[in-house]
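Computed from the coordinates by the stated procedures, all read-outs in this text should not be read as laboratory data. What you see is a predicted model; the values in this text were computed from it and never measured. Quick reminder, even Gly has a Cβ in these numbers, built from the backbone with ideal geometry, and neighbours come from all protein chains shown.
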Amino acid sequence: MNDSAPTAIPASARRNHWMNQVATHAEMKPDAAAFRFLGETTTWRETRDRTDAFAAALARRGVAAGDRVLLLTLNRPEVVISVFGINRTGAIAVPINIRLTPPEIAYIVDDADADVLIVEGPLAPLVGAVAQITDRIKRVIVIGQAGEGQDSWTDLVEEDLDGFEAPDIPEDTTALIMYTSGTTGRPKGAMLDHINLYAQSITCIRANNVVDESDISFLTAPLFHIAGLGSIAPNFILGIPTVIHPLGAFNATELLDAWEREKATIVFNVPQQWQVICADPTVGERDLHLRIISWGAAPASDTLLHAMADTFPHATNVAVFGQTELSPITCVLRGEDSLRKLGSVGRPIPTIQYRVVDEDMNDVAPGEVGEIVYRGPTLMKGYWRKPVETAAAFEGGWFHSGDLVRQDDEGFVWVVDRKKDMIISGGENIYCAEVENVLFAHPKILEAAIYGRADERWGEVPVAAVAVAPGEELTIDGLQAWLSDKLARFKQPKALVVVPALPRNAGGKVDKVALRAADRELTPA
């Protein structure tokens with residue numbers, strides 16, 4: 001036997017996914033903080049040990065590679081550790097939006113074909129309501145006080161490993177099934193693998209210019225959205241702590257208290273939250289350490305961007321744009337460009353390929369409207385058990401985002417509408433997002449949405465549904481007069497509907513299906 005003959009290195013020793021990243025930090029800095037939640041610290045060693053214990057407990061209860069495990073949870077470290085433990089067995093984590101109704105949750109349970117559900121104590125009553133619709137759930141694991149016939153999460157992570165050996169998990173193994181909001185129909189489960197999540201991490205590191213271990217990441221986004229899990233994925237590569245903020249009614253003062261107490265440096269909020277934060281009377285008195293202030297999910301007005309710059313002059317403003325199927329970030333707009341390119345979602349990130357194309361997949365010229373299509377390492381594996389929908393989304397060899405955009409000579413992208421949300425009036429295309437972006441700047445309007453109403457003469461006309469500031473009034477004549485120098489006449493709303501608040505789906509997006517359905521019942525202003 002030749003002792004100098006090379007020995008094959010096990011593939012498991014070379015893996016790069018978040019389970020191995022956690023194991024690395026557990027070895028190198030075991031007592032450093034991996035998570036902070038309500039003042040309590042979970043170390044990297046504790047995170048690894050609980051991940052392994054939870055994986056072993058799941059395996060003993062029959063969970064195997066490829067199985068789906070559902071999560072109906074709020075925000076806390078146990079949720080992330082549960083995802084790690086599920087993936088450690090080779091199974092797939094399926095987070096469920098807690099704002100869904102029992103029938104909507106039951107649809108996901110059946111579609112995912114899953115029989116194990118992890119639920120947080122306060123949400124346990126939802127499980128009973130879901131069980132009245134589907135009998136697929138066979139085992140319930142409760143984070144908190146378990147009831148009769150349920151397992152306690154704490155008891156599971158305190159069980160012995162009992163000889164458990166985790167299987168080798170290739171990076172192309174599906175880690176998550178994230179269900180889209182389903183604004184055009186039933187939700188579809190986007191399958192994201194560990195390659196997607198690693199590529200997403202590189203995107204975040206580049207966008208936020210994270211280069212060392214001194215940052216402290218602060219999580220406000222819900223973990224049942226890819227914006228939550230996707231935004232903290234780089235933390236497990238870098239080994240920086242993640243401060244998890246509990247979900248609940250948004251309170252700017254409490255959030256500022258937490259930022260100050262935890263010395264947060266990287267934060268993300270949606271524009272509506274930033275508006276309240278900047279207006280908080282205590283914000284100027286704070287000893288904050290913010291380095292990156294990030295936003296996304298909705299447009300930000302120039303007024304808000306100026307307010308963010310004035311309130312946090314030493315922080316870099318970063319806007320991110322994307323969708324679940326892309327893990328999710330596809331475009332980034334950095335602070336130095338936010339006002340110069342007002343309304344843009346930024347430039348496409350260099351870790352993906354993209355094109356802006358017409359209906360025949362021909363590239364359109366800068367300034368022309370086309371659909372932005374993608375491919376690259378952040379692109380999902382496909383829709384769970386939906387080969388027809390997957391093939392349609394990837395027609396022509398590129399993923400069709402459904403976003404109609406235009407791009408300028410510098411490569412900055414403006415989203416003008418969702419492809420299926422375009423109004424054709426008198427032969428003219430009206431892109432709802434373009435009109436909405438103008439309405440957001442109206443001093444009396446708090447929120448606005450444009451949708452189409454059938455019209456005998458024009459085929460379809462745009463209607464504006466708006467919520468106005470308390471004590472304010474708005475008429476269609478007044479709105480059109482204000483728009484006269486801001487939008488071409490054919491783009492201007494032909495009717496105005498004033499509502500207390502716009503209807504939104506469980507993902508927080510304006511529900512235009514509901515607006516159209518209620519149009520006959522709403523009273524035009």
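Using only Cα atoms, what is the ratio of the radius of gyration of the chain to 2.2 N^0.38 Å? Can you show the working numbers first?
Details: Rg = 24.1 Å, N = 525, 2.2 N^0.38 = 23.8 Å.
Here the answer is 1.01, to two decimals.
So what's the angle, to the nearest 10 degrees on a 0 to 90 scale, between helix 226-238 and the longest Cα principal axis of the chain? Tilt of helix 226-238: around 50 degrees. Cβ crowding within 10 Å ranks Lys263, Lys494, Lys512 as Lys263, Lys494, Lys512, fewest other Cβ atoms first. Annotation for region 33-56 versus region 437-483: alpha-carbon center distance of 49 Å. Kirkwood analysis of region 455-525, using all unique Cα-Cα pairs, places the hydrodynamic radius at 13.4 Å. Between the helical axis of 252-262 and the longest alpha-carbon principal axis of the chain there is an angle of about 40 degrees.
If amide H atoms are built 1.01 Å from N in the plane of the peptide, which residues on other chains or at least 5 residues away come under 5 Å of the amide H of Ala264? Amide H neighbours of Ala264, under 5 Å, 5+ apart: His289.
May I ask you to work out the translational diffusion coefficient for region 193-418 at 10 °C, viscosity 1.306 mPa s, via Stokes-Einstein with Rh from the Kirkwood sum over Cα pairs, reported in whole µm²/s? Answer, rounded: 86 µm²/s.
In a simple Cβ point-charge model (Lys, Arg +1; Asp, Glu -1; nothing else charged), the chain has a dipole of about 540 debye relative to its Cα centre. If both residues of a DSSP beta bridge must be in the chain, then about 60% of such bridges are antiparallel. For region 193-418, the relative contact order is 16 percent, taking Cα pairs closer than 8 Å that sit 6 or more residues apart in sequence and dividing their mean separation by the residue count. Taking 28 Å as the limit for the C-alpha separation, the pairs Lys138/Lys386; Lys188/Lys486; Lys263/Lys444; Lys263/Lys509 exceed it in the case of Lys188/Lys486; Lys263/Lys444; Lys263/Lys509. The loop-placed trypsin sites (Lys or Arg not before Pro) in region 62-147, going by DSSP, that have at most 14 neighbouring Cβ atoms within 10 Å of their Cβ come out as Arg99, Lys138.
Computed from Cα atoms, the angle from the helix 18-28 axis to the main principal axis of the chain rounds to 60 degrees. About its Cα centre, the dipole of region 426-517 is roughly 160 debye, where the only charges are +1 on Lys and Arg Cβ and -1 on Asp and Glu Cβ.
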